[in-house]
Every structure is written in C-alpha cells, then in structure tokens.
1. Could you please tell me the mean projected area of the C-alpha convex hull for the chain, averaged over all directions and given in square nanometres to one decimal?
2. Choose one of 32, 60, 48: the residue whose Cα lies farthest towards the positive end of the charge dipole of the stretch 16-72 (beta-carbon charges +1 Lys, Arg; -1 Asp, Glu; about the Cα centre).
3. If r is the Cβ-Cβ distance from residue 83 to residue 55 and R0 is 22 Å, what FRET efficiency results, to the nearest 0.05?
4. Using Cα positions and a limit of under 15 Å, work out the aspartates and glutamates in reach of residue 53, with same-chain residues fewer than 8 apart set aside.
5. What is the spin-label model distance, in nm, from residue 69 to residue 90 if the labels are put 7 Å beyond Cα along the C-beta direction?
6. Defining a contact as two alpha carbons under 8 Å apart and six or more residues distant in sequence, what relative contact order in percent does the chain show?
7. Quickly work out the residue 42-to-residue 18 label distance, labels modelled 7 Å from Cα along the C-beta direction, and quote it in nm with one decimal.
8. Using unit Cβ charges (K, R positive; D, E negative) and no other charged atoms, how large, in debye to the nearest 20, is the dipole of the stretch 2-94 about its Cα centre?
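Where a number appears in this text, it was derived from the coordinates with a stated rule and is not lab data. What you are looking at is a predicted structure, and each value in this text was computed from that prediction instead of being measured. Cβ coordinates were reconstructed from backbone atoms using ideal geometry, including for glycine residues, and neighbour counts include every protein chain displayed.
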Amino acid sequence: MTAVGTISKVDRENIDKSGRKAKFMFTYTLDPERTAGAPEGTSLPAELTLRAKSIELQRFTGSADPFATGDRVEVTVRAADAAPSSFYITAAKKL
C-alpha cells in the first residue's frame, strides 16, 4: 500500500541491547491525504502508525533520521492483517 501525508508525531527508541552502538526504531504517525493499493477488505485507521529501523531508513532516503514532524512524505508500507494497528515501511521519500 502507498500513502501520502504529513508526519504528525515522531518517536525514536534505541533497540541496541549491547549499549555500544545506538540502533533506533522509529515510529511515525502519518495523517494521510490519500492511500492507494490497500487490499480489499482492509480497514484503515484515521492516522497511520508507521515503523522502520534507522538502518532501513538510511537505505531508503540516505539519512538515518530523515523525517520530522510536519514533513510531507510518500511511503510504501506493508501490514500483517486486514485490520492493522501499525505498518512497516518498505520505501519512503520526502515530498
């Protein structure tokens, strides 16, 4: 599924257990303007919760911390079921 919208909230969690090199999981809240490609029967919440690791965001955008509150973005995401509570980012870009 693809979504275009504005980031309304950014959370960052350090997921490195060793404490030597910080690795982050980002959680973004997106206010979607439009969505496309959702499987039939999928119910989407009013705000989309998006998650990605910093290393993956680096690969997608060239920055390990690419998005801030207020940024307009286009993301491709996947979900595990028909009524997802969060989506995993598989591609992203700032508009």
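1. On the way: hull surface 24.2 nm².
Computed as one quarter of the Cα hull surface, the answer is 6.0 nm².
2. Sorting the options by dipole projection puts first 60.
3. On the way: r = 29 Å, r/R0 = 1.31.
Computed FRET efficiency for residue 83 and residue 55 comes out at 0.15.
4. Partners found: 11, 13, 16, 65.
5. 3.1
6. Details: 212 pairs, mean separation 30.4, N = 95.
Computed value for the chain: 32 percent relative contact order.
7. Between residue 18 and residue 42, the simple spin-label model gives 3.6 nm.
8. Values: 14 positive and 12 negative charges, 105 e Å.
I would put it at about 500 debye.
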